[in-house]
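The structure appears below as structure tokens.
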Amino acid sequence: MQQFYSKKIFGILIIAPSKKHFDIIEGYLFALLDLDKRAFLKVIRLMGTIFVTPFNDFYNELFLKNNIWFVDKDFLDKKKNYKGAFISVLVHETHHRHQYVTGKIEKKSGMVGGQIEKAAYRIQIAFLKKHNFSQELRRKQRQLKESAWETDDSSGESDKKYENLLALYKSGKLKITKI
Ligand SMILES: [Zn+2]
């Protein structure tokens, strides 16, 4: 059975397969605080749990109702010097939480699409622009232009693995050691 660790950082519960992920996430949150205090406060107000998955991949998935954001571990392990990517996705996903709590996303379905997605992209792009993350900015601008979320064929397969992990977590079957 996979071992996980948990720790609260700025009030956000972090669950991760390795303790080193706490330092990485804490570093990113401090970087966000330095860059943009308003965005930082929005994140710590709205994000409940960041769950670093044991999957060797770069996907992430937010479960609005459960307030859990799953992030694959490669996204942290293999992009160490690329904080723009992680921080701006965090800003994007936090905006979905904002849309959710303010009733802009239908609470029963929790669906994210169309205008909802565009709004979050715009927030993310504005953030990247403001803080000169030019490489990630170009990528996001391209994705917005192509409405990338509509053609993301990875989501079916990846959703399932997060759903399974969420179900295990909720049933208390995961081995999680509090730090
Ligand atoms: Zn989105």
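Here is how the numbers come out for the structure above:
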quantity: Pairwise centroid distance, computed over Cα atoms, of the range 158-179 with the range 8-53, Å; calculated: 19
quantity: DSSP beta bridge pairing in the range 3-178, given as percent antiparallel to the nearest 5; calculated: 45
quantity: Value of relative contact order over the chain, rounded to a whole percent, pairs C-alpha under 8 Å and six or more apart; calculated: 23
quantity: Projected-area mean, the chain, by convex hull of Cα positions, square nanometres; calculated: 9.9
quantity: Computed [θ] at 222 nm, helices only, for the chain once each DSSP H run of length n ≥ 4 contributes -39500 (n - 2.57); calculated: -17000 deg cm²/dmol
quantity: For A120, net neighbour charge (Lys/Arg +1, Asp/Glu -1) across residues whose Cβ lies under 13 Å away; calculated: +4
quantity: FRET E, pair L174, E26, Förster distance 25 Å, beta-carbon r, rounded to 0.05; calculated: 0.70
quantity: Ranking of E146, E61, E93 by count of other Cβ atoms within 10 Å, fewest first; calculated: E146, E61, E93
quantity: At R0 = 22 Å, FRET efficiency that the Cβ-Cβ distance of R122 and V101 yields, to 0.05; calculated: 0.70
quantity: Amide H partners (placed H, <5 Å) of I9, local residues excluded; calculated: I14
quantity: Approximate spin-label separation D74-K129, in nm, with each point projected 7 Å along Cα-to-Cβ; calculated: 3.1
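Quick note: the coordinates plus some simple rules give every number you see, no bench work behind them. Treat the numbers as computed from the prediction; the structure is a model and nothing was measured. No Cβ is skipped: glycine too gets one built from the backbone with ideal geometry, and neighbour counts run over all protein chains shown.
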